[in-house]
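Just below is one structure, and these are the notes that go with it.
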Amino acid sequence: MAQHNLLGKAGEQEAVEFLVRQGFTIRETNWRMNKLEIDIVAQEQGMLLHFVEVKTRSSDEHFDPLRAINDAKKRHMVAAASAYLNYYQLQCEVQYDVIILVGEPGFFNIEYYPDFFMPKLKTYR
């Protein structure tokens, strides 16, 4: 496995452990349907589901990892969340979160951005 894939897997595992320490229940990791993927689906008390995107970098010197969460990525997250909700026939509130990890396995700096964005609503006339 390529080095960047190993770093990404370690970052996702650290993100899961972080969320568990914060009191979340992890429902899914790396959930996929066709070309859609959700890094982590987590749940707090109640029926609020958190769809979490994880970005792991060894350094943030040359590129702010938050810049990777562009409009296309947001649309992808919303489509994946919708597919997840439809697949499990769930009707609940959702939130889109981001976790950024910078460093090396065992020595990550973790930044959690709850409710990072709200999807744009389509209006019809």
Subset of the stretch 1-28 that is part of a helix (DSSP H, G or I) and of a type in the set (K, R) - its residue that is modelled with the highest pLDDT: R21
Number of positions in the stretch 94-122 that are under 23 Å from R21 (Cβ atoms) and part of a loop (DSSP other than H, G, I, E, B): 2
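Output the number of residues of the stretch 69-81 satisfying the condition of being open to solvent by less than 50 Å² (accessible area, probe 1.4 Å) and under 12 Å from the mean Cα position of the chain (by Cα). Give the derivation first.
Going through the stretch 69-81, the residues open to solvent by less than 50 Å² (accessible area, probe 1.4 Å) turn out to be 69, 73, 77-81.
Right, trim to under 12 Å from the mean Cα position of the chain (by Cα) and you get 69, 73, 77-78, 80-81.
Of the residues in that region, 6 qualify.
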Answer from L90, L101 - the residue that is touching a helix residue (DSSP H, G or I) at 6+ places or on another chain (Cβ under 6 Å) and either touching a residue at least 24 places away in the same chain (Cβ under 8 Å) or of a type in the set (F, W, Y) (or both): L101
Residues within the stretch 104-114 that are closer than 24 Å to E44 by Cα and surrounded by 11 or more Cβ atoms within 10 Å (Cβ to Cβ), tallied: 6
Filtered residue count, the stretch 29-60, keeping only those that are touching a residue at least 40 places away in the same chain (Cβ under 8 Å), assigned to a strand (DSSP E or B), of a type outside the set (A, V, I, L, M) and surrounded by fewer than 16 Cβ atoms within 10 Å (Cβ to Cβ): 1
Count - residues of the stretch 82-103 that are surrounded by 13 or more Cβ atoms within 10 Å (Cβ to Cβ) and charged (D, E, K, R): 1
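The values are calculated or read from the model by the stated rules, or taken from the named source; none is laboratory data. None of the values given here were measured: they were computed from a predicted structure. Note that we place each Cβ from the backbone using ideal geometry, even for glycine, and neighbour counts take in every protein chain shown. The area values use the complete protein model at the heavy-atom level, side chains included, leaving out ligands, DNA and RNA. Shrake-Rupley method; radii C 1.70, N 1.55, O 1.52, S 1.80 Å.
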